[in-house]
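Undergrad: This is the structure I want to talk about, given as structure tokens.
What follows draws every value from the coordinates through simple rules; no lab data is involved. Source: prediction; values computed, not measured. FYI the Cβ positions are ideal-geometry reconstructions off the backbone, even for glycines, and counts take in every protein chain you see.
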Amino acid sequence: MEHQTNEQIGILREILKWIKFAGAKEVKNVLLTTLDTEQKRLIYHLSDGNRGTLEIAKVAGTSDTTVRRYWASWARQGIVESLKVRGGERYKKSFELEDFGIEVPQPKTVVQPSEPRQVTKAKQEEIK
Amino acid sequence: MSETERLLNDIRAYLRISAAAALRVVAKTSLDIYEKALVYSNLDGKTSQTKIETDTKVPQTTISVWLAGFVQAGLTSPPDQYNSSHKALFTLQELGIDLGMLKRRTKVSKPIPQPSPTTAPQVSNKPQESVIQKTLEPEKSGASNQ
């Protein structure tokens, strides 16, 4: 059973490799067209599914409403995926900008590396 | 998220973008007027054609013709065991369609039928006027917009 699962994962990796190869140009086009400002690129880069809108907005020097608006637009564009979290919904980037040679802008404030965190009641406001 | 789910998610993300890019030219032709794009944006796989007719004010018969065209163009999946109604495979944004930039549908009059001299009854001017009036009503088939 485990052998079969490993084999299936191996096949999926192989499929992904070829699909990435075939689709890289189109994905890069979409990313370049959609993320047409440094701020958008930074917000996209920070959207890792662990950070909330307030945290990203603070680092990018904008409002959480703007981050939420970008997320909604990018979801329609197919470059982020939604994640259900306690107290709301977050979005996670589907692609790494570095993989396409797109430079990630430096944040205005120091960014702590994000790690999956346990969401406490006190953090629920931040998630929103 | 398991390794399998992560890989499948990545595969889907790449495939969606590649497919949408490949269909952009077709989409520009198929979704060339505001009402068609509006109908397309309502195709969530659950909403019935009657409900879409109510929401968009486009006659159901016209919607039905348009949906067949969308399926043929590869933009929509027909009803199946998972979706009771047609489902848009992409968002308008993925297809590069801006709803606000599209022109609205113009109602095209059907040609006035010419009565055959052998079978046509003797008609006065009044019924003839009513025929003309009928051709100016909103069309039901929508085939002329294809």
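Undergrad: Past the 23 Å Cα-Cα mark, which pairs from A:58/A:93; A:84/B:51; A:20/B:87; B:28/B:87; A:17/A:93; A:40/A:93?
TA: Result: A:84/B:51; A:20/B:87 exceed 23 Å.
Undergrad: Between residue A:37 and residue A:5, what length comes free when the chain is fully extended (0.36 nm per residue of separation minus the Cα-Cα distance, one decimal in nm)?
TA: Extra length available between residue A:37 and residue A:5 comes to 7.3 nm.
Undergrad: So what is the relative contact order of the stretch B:3-105, in percent, for Cα pairs below 8 Å that sit 6 or more residues apart? Intermediate results must be reported in sequence, preceding the final value.
TA: Values: 111 pairs, mean separation 37.4, N = 103.
Normalised by residue count, the contact order of the stretch B:3-105 is 36 percent.
Undergrad: So for A:63, B:77, fewest C-beta neighbours within 10 Å to most, what's the order? Mind showing how you got there, number by number?
TA: On the way: A:63 13, B:77 16.
Ranked by crowding around the Cβ, least crowded first: A:63, B:77.
Undergrad: If one puts a single equal scatterer on every Cα of the stretch B:3-105 and applies the Debye formula without solvent, what log₁₀ I(q)/I(0) results at q = 0.21 Å⁻¹?
TA: -1.10
Undergrad: What is the order of B:66, A:71, A:18, fewest Cβ neighbours within 10 Å to most? Don't jump to the answer; show the numbers that get you there.
TA: On the way: B:66 25, A:71 20, A:18 11.
Ranked by crowding around the Cβ, least crowded first: A:18, A:71, B:66.
Undergrad: If you find the alpha carbon centre of the stretch A:49-107 and of the stretch B:46-79, how far apart are they in angstrom?
TA: Using only Cα atoms, the two centres lie 33 Å from each other.
Undergrad: Across peptide A:27-37, how many C-beta atoms of other chains are within 10 Å of each residue C-beta, on average?
TA: Average per residue, whole number: 2.
Undergrad: Then there is this: What average number of partner chain Cβ atoms lie no more than 10 Å from the Cβ of the residues making up B:14-23?
TA: The per-residue average across the peptide is 6.
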